[in-house]
Amino acid sequence: MRKLKNIMVTGGSGFVGTNFIRYIFDKTDFDGIIVNVDKLTYAGNPHNLIDIEKKFGTKRYFFKKVDICDYKNINKIFKQYNVDTIVHFAAESHVDRSIFGPRDFIETNIIGTFNLLELTREFWAGKEDVLFHHISTDEVYGSLGKNGYFSETTPYNPNSPYSASKASSDHLVRAYFQTYGIPVTLSNCSNNYGPYQFPEKLIPLMMLNMLEEKPLPVYGDGKNIRDWLFVDDHISAVWTILNKGKAGETYNIGGENEWENIKLVNVLCEKMALLTGKEKDYYKKLIEFVKDRPGHDRRYAINCDKIKNEIGWKQSVSFDEGLERTVQWYLINKLWAANIKNGSYRKWIDVNYNKRNISLQ
C-alpha cells in the first residue's frame, strides 16, 4: 500500500473534486496535505469547500487558483509542496459545450494533462511512492448497442470533441508510463450524480427546473441509456486505486445501474413530487422532448469486474438511496443552486479568490 503524503488535486473545486477532498478529510485516515489547484472556470466553486478551508487551511489544505495549462505556476506548486501524488480531475466535461466550443476542451484536457505529465517527468525521476492518477470517462469507448459492456480492453471510439479530448489525454498518460516510467493509474467511470453537481447536468437540471416549474428537456426519444454511479462510490474507488492500484493499469468504475433517460426523469419527477407534497405525476407534465444533439451515443454500460476482483472495491450506495440523498441535498441547499443559476457565486469568487493566484513574476 502506498504512503501518500502531499496530494495535488486538480479541479478540486468542481463536482467530483469537491466530493473527493471532502471524502479524504471526513472518511479516511490520511494525515498529509492536499493542494487544490483549480482555474475556477464556470463549474468551479471554492465555496463548496469553505468549511474544509476554515478547518484545515494553512496546515493541511491549500487552494491555488491556477490553470493547469500554466506550466510556470504549476511548476512552483510542485516545488513548494513537494507533490508526490496527483489526482487529475480537472477537465472541461460537458458534451454540449464541446460541440459548440471545442477549443477549451483541447487546451485543458490535452495540453493541461501534458503539462502535468512533463512536471512529473522533471520532479519524480528516481523517486518511489509517487503516483499520477488520471480520471477519465466511459465516453472514450463510444456507443454500445443493446447488449455488451465496456471493459478496460474495449477499443477507443470517441464521438464528441469532449470524448476525443479525454481519449487523447488517456493515451498521453499511458505513453508517459511506457516511455518514461512515470507511475500512473487511470480510471474510466460512468455518469456520476450527487451533491454539488453543476446544474447543467441531467439530474440537477431536472430537479431545479421542477422547483421552478420550467420545462424538463429530454433529448430525442429519451431512450438513450446511461450507467449511473453515485459520486461517493466513484470517490471510494479512486481512493482504493490510489492506495492499491497497480502502476500502468486502467480500472473501469461503474454503477452497474442502467437507465433510459426518460425513465430516469420520470422517477425523478415522482421523488420530487413526494418530497414537495405534490401529486405523484405533477411534474411529469413539464417533460418536453427536444431535438437530439449531434453524435449522441445511444448506450453506455461498464463492466467493473477488474477493480472489484483485483483491488477489492465495490459499490456501497444503491440507486434509490443515492437518488434520495441527492434530491434531499438540493432541496436543503436551494441557496447554493440559486447562487449558481443567478451567477452571484462568480462575484463571490472575484472578491474572495481572484487575488490568491500565484504571482506570474
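We did not get these values from a lab; they are worked out from the coordinates using the rules stated. The shown structure was predicted, so the numbers you read here are calculated from the model rather than taken from an experiment. Cβ: placed from backbone, ideal geometry, glycine included. Neighbour counts: every protein chain shown.
In the stretch 206-230, which residues have a backbone nitrogen under 20 Å from the label point lying 7 Å from residue 279's Cα in the Cα-to-Cβ direction?
Only 210-216 pass the distance filter.
Relative contact order of the chain, please, whole-number percent, based on alpha carbon pairs below 8 angstrom and at least 6 residues apart.
19
Using the Cβ atoms and a cut-off under 12 Å, what net charge is assigned to the surroundings of residue 12, where Lys and Arg are +1 and Asp and Glu are -1?
Working: positive: 22, 39, 64, 65; negative: 38, 53.
Net charge in that neighbourhood comes out at +2.
With the chain treated as a Gaussian network of Cα nodes joined by springs under 10 Å, which of 66, 351, 16 yields the largest mean-square fluctuation?
It is 351.
Assuming a ≥ b ≥ c are the square roots of the Cα gyration tensor eigenvalues, decide whether the stretch 1-135 counts as rounded (a/c under 1.5), prolate (otherwise, with a/b larger than b/c) or oblate.
In terms of gyration-tensor shape, oblate.
From Cα coordinates alone, what are the radius of gyration and Dmax values for the stretch 115-232 in angstrom?
Values for the stretch 115-232 (Cα only, Rg and Dmax): 18.1, 58 Å.
Using only the Cα atoms of the stretch 97-148, build the gyration tensor, take square roots of its eigenvalues as a ≥ b ≥ c, and label the shape rounded, prolate or oblate: rounded if a/c is under 1.5, else prolate if a/b is larger than b/c, else oblate. Mind showing how you got there, number by number?
On the way: a/c = 5.12, a/b = 1.60, b/c = 3.20.
Note, shape of the stretch 97-148 comes out oblate.
Could you grab the relative contact order for the stretch 1-80? Cα pairs under 8 Å, six or more apart, rounded to a whole percent.
With pairs under 8 Å counted, the relative contact order is 31 percent.
Using the crude model of +1 on Lys and Arg Cβ and -1 on Asp and Glu Cβ, and no other charge, please compute the dipole size for the stretch 175-267 relative to its Cα centre, in debye to 20.
Dipole of the stretch 175-267, to the nearest 20 debye: 220 debye.
Need the full-extension length gain, residue 175 to residue 156, defined as separation in residues times 0.36 nm minus the C-alpha distance. One decimal, nm.
5.3 nm
When the chain is treated as a GNM, springs tying every alpha-carbon pair under 10 Å, which of 84, 70, 26 comes out with the largest mean-square fluctuation?
Of 84, 70, 26, the most mobile in the Gaussian network model is 26.
What length, rounded to one decimal in nm, is gained on full extension from residue 320 through to residue 260, with 0.36 nm per residue of separation minus their alpha-carbon distance?
My answer for the length gained is 20.1 nm.
So, in nm, how far is label residue 3 from label residue 96 when the simple model puts each one 7 Å beyond its Cα toward the Cβ?
Calculated label separation equals 4.9 nm.
Per residue Cα convex hull volume for the stretch 266-361, in cubic angstrom?
265
Between residue 123 and residue 328, what length comes free when the chain is fully extended (0.36 nm per residue of separation minus the Cα-Cα distance, one decimal in nm)? Could the numbers behind the result be given before it?
Working: separation 205, 0.36 × 205 = 73.80 nm, distance 4.43 nm.
Computed gain between residue 123 and residue 328 is 69.4 nm.
Tally the DSSP beta bridges in the chain and give the antiparallel ones as a percent, rounded to 5.
For the chain, the DSSP antiparallel bridge percentage is about 10.
Dipole size in debye (nearest 20) for the stretch 9-164 around its Cα centre, Lys and Arg Cβ +1, Asp and Glu Cβ -1?
About 440 debye.
Just grab the label-to-label distance for residue 55 and residue 350, each label 7 Å out from Cα along the Cβ direction, in nm (one decimal).
3.2
Taking only C-alpha pairs under 8 Å that are 6+ residues apart, what is the relative contact order of the stretch 1-146 in percent?
On the way: 200 pairs, mean separation 39.9, N = 146.
Once normalised by length, the contact order is 27 percent.
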